[in-house]
Structures are given as structure tokens and as C-alpha cells.
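Peer 1: Got a structure for you, questions after.
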Amino acid sequence: MTAPRTQVPVTVRTFAHRCPSTRRGARLARLLAGHQLVDWGLPRGTCAFDGATLVIAELASNAALHGLVPGRDCALRLAYDTGTGVLRIEVSDTHPGRPVRVEPSPGYDRGRGLALVEAVALRWGVQERNGPGKTVWAECAVAAACENADR
């Protein structure tokens, strides 16, 4: 007789999707990610959901607008660690240029994307990827991040 084995609980849930490097592809990435977050138990309209979808939208739109290489797609990957309550968002594109965070100016309606990501996320950065291009990532605290804000 074999000894009973205990199963280690899975605490990291992942989601991945490739989408075209277009505005429409960025919108699709945001919508699909929103559905996935709801599936994982983050209700729409909460601080955690809204913050995460804002970061996803900014990174996906940056990849579509600035990371565009004709004929190449972007990749979205989400990893939600239910044990720590941290959602890691990764958006990869094939453009070699690195994103630059600029200070937004009052009269200019562009350049706020990475400032918003920086304000909402715990941390963010850029890393090399296999093949051409880069991956821009951000980590958001979705379990307890908004408990104080909701009071």
C-alpha cells in the first residue's frame, strides 16, 4: 500500500493571450483580462479590479502605439498569486525601444501612461524577452491594496 500524498495547493493562476499590435488589440487585451479577473474573484467596480485594469490598459496601449512592428503581435500574461494577493501583469512586444517615463505636462494630453502605472502598481519594470523586443511588467496588490481605500 502506498502512503497517502498530500497535494500542495495551487496559489498562482495564469492567463496568457496574444493580440494584434493595434488599438483594437489593446482593447481586446483589456476586455479579456477583465473577464479573467472576475473569474478569479476580483469583482468589477472594486478598487483592486479598477487599478489592475488601468495598468493592463496602459501597458497594452503602449505596446500597440509605441511597440508596433508591422506583422508582429503583442502578448499579455497575467499571473495572480492568491497566496500573496499580487497580480503580475506582463505585456510583451517585438519593438527594441525601451519605454521612457516622462513627467506629464498640464497642457499636453500624452505621456501619463507610465506615471499612472507607477502610481497604481507596487512596482514596474522592463525586461528582455526571448526573441526580439521586451516585456514591460507591473505588479499590483489586489487582495489587500484597497481595504483602507474602501473604508
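Peer 1: Given charges of +1 on the Cβ of Lys and Arg and -1 on the Cβ of Asp and Glu, with all other atoms neutral, how large is the dipole of segment 23-77 about its Cα centre, in debye to the nearest 20?
Peer 2: Numbers: 7 positive and 4 negative charges, 41 e Å.
In debye, rounded to 20, segment 23-77 gives about 200.
Peer 1: How much length is gained if the chain between Thr6 and Arg24 is pulled fully straight, taking 0.36 nm per residue apart and subtracting their Cα-Cα distance, in nm to one decimal? Walk me through the numbers before you get to the answer.
Peer 2: Numbers: separation 18, 0.36 × 18 = 6.48 nm, distance 4.53 nm.
Gain on extension, Thr6 to Arg24, equals 2.0 nm.
Peer 1: Further, regarding this structure: Mind giving me the nanometre distance, one decimal, between the label points for Glu103 and Gln127, set 7 Å out from Cα along Cα→Cβ?
Peer 2: 3.1 nm
Peer 1: Let me ask something additional. Just to be sure I understand the curve: with the Debye formula and one point per C-alpha of segment 57-98, what is log10 I(q)/I(0) at q = 0.34 Å⁻¹?
Peer 2: -1.18
Peer 1: For Arg13 and Thr46 in the same chain, what is the full-extension length gain: residue separation times 0.36 nm, less their Cα-Cα distance, in nm?
Peer 2: On the way: separation 33, 0.36 × 33 = 11.88 nm, distance 1.98 nm.
Answer, rounded to one decimal: 9.9 nm.
Rule-based calculations on the coordinates, nothing more; no lab input. This one's a predicted model, so the numbers in the text were calculated from it and none came from an experiment. Cβ: placed from backbone, ideal geometry, glycine included. Neighbour counts: every protein chain shown.
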